[in-house]
Amino acid sequence: MTPDDFKRIALSLPGAEEGSHIGAVDFRVGGRIFATLASVKEGYGNLMLTPEQQQAFVDEAPAVFLPVHGGWGRSGATHIRLAKANEDVLRGALQAAWKLRLEKNAPKKKTSTRK
């Protein structure tokens, strides 16, 4: 896969928009980032996942996925090696990051303390 494939698939997700963060292309839903091409020069796309999702992707395809270095990676930021990914893997990974962002953007339900 290529950066153009990453962009095409990311922008095919409902509500996804292209933006820019610190000079890098990013992809947002509801105004919040779910993926970037910040590491494209190294051959990576980046996904904003949970640490648990990241671990599942790395366990399933260690040649394709790896944590971003440092604190971002410990928080779930994940590289995808574009040259090693196929369309289905890339689409699934982007959908996971997109869905997570949608869930995080959803309004919190208030719990009633009234009895």
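The values are calculated or read from the model by the stated rules, or taken from the named source; none is laboratory data. Just so it is clear, the model here is predicted, and its values are computed rather than measured. All Cβ positions, glycine included, derive from the backbone under ideal geometry; neighbour counts span all protein chains shown.
Name the residue that is farthest from Glu52 (Cα to Cα), counting only residues in segment 69-115 that are at pLDDT 95 or above and assigned to a loop (DSSP other than H, G, I, E, B).
If we take residues in segment 69-115 being at pLDDT 95 or above and assigned to a loop (DSSP other than H, G, I, E, B), then Asn86 is farthest from Glu52 (Cα to Cα).
Of these, Lys99, Lys84, which one is in contact (Cβ under 8 Å) with a residue 12 or more places away in the chain, out of contact with any His (no Cβ under 6 Å at 6 or more places or on another chain) and among the basic types (Lys, Arg)?
Details: Lys99 fails: in contact (Cβ under 8 Å) with a residue 12 or more places away in the chain.
Unique residue meeting the criteria: Lys84.
Quick one: is Ile9 out of contact with any Pro (no Cβ under 8 Å at 6 or more places or on another chain), touching a residue at least 12 places away in the same chain (Cβ under 8 Å) and not in a helix (DSSP H, G or I)? Quick ask: steps written out before the conclusion?
Values: out of contact with any Pro (no Cβ under 8 Å at 6 or more places or on another chain): yes; touching a residue at least 12 places away in the same chain (Cβ under 8 Å): yes; not in a helix (DSSP H, G or I): no.
No.
Check Pro51 against each of (1) surrounded by fewer than 15 Cβ atoms within 10 Å (Cβ to Cβ); (2) without any contact (Cβ under 8 Å) to a residue 24 or more places away in the chain and name the one condition it does not meet.
Answer for Pro51: the failing condition is (2).
Go through (1) part of a loop (DSSP other than H, G, I, E, B); (2) in contact with a helix residue (DSSP H, G or I) (Cβ under 6 Å, 6 or more places away or on another chain); (3) of a type in the set (Gly, Ala, Ser) and name the single condition Ala38 misses.
(2)
Anything in segment 93-110 that is over 10 Å from the mean Cα position of the chain (by Cα) and of a type in the set (Gly, Ala, Ser)? List them, or say none.
Ala106, the sole residue that qualifies.
Out of the residues in segment 54-103 that are surrounded by fewer than 16 Cβ atoms within 10 Å (Cβ to Cβ) and among the basic types (Lys, Arg), which is nearest to Gly15 (Cα to Cα)?
Lys99
Determine if segment 1-10 includes at least one residue that is aliphatic (A, V, I, L, M) and either at pLDDT below 95 or within 15 Å of Val64 (Cα to Cα) (or both). Walk me through it before giving the result.
Filtering segment 1-10 down to residues aliphatic (A, V, I, L, M) leaves 1, 9-10.
When the remaining residues are screened for being either at pLDDT below 95 or within 15 Å of Val64 (Cα to Cα) (or both), the result is 1.
Scanning segment 1-10, I find at least one residue that is aliphatic (A, V, I, L, M) and either at pLDDT below 95 or within 15 Å of Val64 (Cα to Cα) (or both), so the answer is yes.
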